[in-house]
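**Q** Input: one structure, supplied below.
The values are calculated or read from the model by the stated rules, or taken from the named source; none is laboratory data. Since the model is a prediction, treat every value here as computed from it, not as a measurement. In this analysis, Cβ positions are derived from the backbone assuming ideal geometry, glycine residues included, and neighbour counts consider all displayed protein chains.
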Amino acid sequence: MEKEEIKNEVKKVFASKLFLKFVYAVGIVLIAVIIFSAGVSFGFHRAEFARSWDEHYFNNFSPRHGQGSGPMMDFFPNANGADGQILKITLPTMIVSDKDDQTEKVVLITDDTNIRGLSGNINSAGLKIDDHVVVIGNPNQDGQITAKFIRVLPATSGMMNVEIPDKVQ
């Protein structure tokens with residue numbers, strides 16, 4: 001009889017409202033901890049890129065200066081990509097002027113980098129200064145972006161400034 005009584009007591013505990021509230025509370029705390037951890041990880045990733053970018057600023061943009069630290073930023077640049085014009089190409093790297101955060105970023109092009117124009121794939125030799133590109137990649141320890149994908153976009157034309165009437169007749 002003792003085992004049956006224990007089973008019944010355990011069933012009562014698991015079926016009680018207090019136990020359900022406890023399970024929900026533990027679940028909410030667990031979800032909050034996961035979200036907090038993801039935020040800390042994301043913030044650390046961006047801060048690490050900013051530190052690397054600052055530390056290697058002169059090496060990336062002016063090798064002859066080679067010493068010192070770049071301008072300390074009060075913002076974190078986008079560590080995983082760039083969107084702007086190509087300023088300089090010295091393969092396997094290129095410098096892109098990022099229009100979003102007004103920085104110059106060194107993009108490392110590897111054999112695995114997928115480069116696409118409007119008409120299909122192109123190779124790195126097809127990139128030209130003043131091309132508008134969108135770069136997606138991963139930051140490396142040298143403050144560069146290792147490109148996974150580069151999209152070459154057409155130059156903006158006057159068509160972008162055409163006014164569209166409110167009502168079409």
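**Q** Using beta carbons and a limit of 7 Å, which pairs, at least six apart or on different chains, have the first residue in region 139-160 and at pLDDT 80 or above and the second one among the acidic types (Asp, Glu)?
**A** From region 139-160, the pairs are 143/55; 152/131.
**Q** Within region 1-22, which residues are in a helix (DSSP H, G or I) and surrounded by 11 or more Cβ atoms within 10 Å (Cβ to Cβ)? Show your work before the answer.
**A** Our first condition is that a residue be in a helix (DSSP H, G or I); within region 1-22, this holds for 2-15, 17-22.
Selection gives 19, 20, 22.
**Q** On the given criteria, is residue 135 closer than 17 Å to residue 56 by Cβ, in contact (Cβ under 8 Å) with a residue 12 or more places away in the chain, assigned to a strand (DSSP E or B) and in contact with a strand residue (DSSP E or B) (Cβ under 9 Å, 6 or more places away or on another chain)? Show your work before the answer.
**A** On the way: closer than 17 Å to residue 56 by Cβ: no; in contact (Cβ under 8 Å) with a residue 12 or more places away in the chain: yes; assigned to a strand (DSSP E or B): yes; in contact with a strand residue (DSSP E or B) (Cβ under 9 Å, 6 or more places away or on another chain): yes.
Considered against the rule, which asks whether it is closer than 17 Å to residue 56 by Cβ, in contact (Cβ under 8 Å) with a residue 12 or more places away in the chain, assigned to a strand (DSSP E or B) and in contact with a strand residue (DSSP E or B) (Cβ under 9 Å, 6 or more places away or on another chain), residue 135 comes out as no.
**Q** Restricting to region 87-117, count the residues that are within 19 Å of the chain's Cα centre (by Cα), surrounded by 14 or more Cβ atoms within 10 Å (Cβ to Cβ) and not hydroxyl-bearing (Ser, Thr, Tyr).
**A** Of the residues in that region, 12 qualify.
**Q** Please identify the pairs in which a residue from region 115-126 that is among the charged types (D, E, K, R) and assigned to a strand (DSSP E or B) has its Cβ atom under 9 Å from the Cβ atom of a residue that is modelled with pLDDT of 90 or more and surrounded by 10 or more Cβ atoms within 10 Å (Cβ to Cβ), counting only partners at least 6 apart or on another chain.
**A** Qualifying pairs under 9 Å: 116/122; 116/149; 116/150; 116/151; 116/152.
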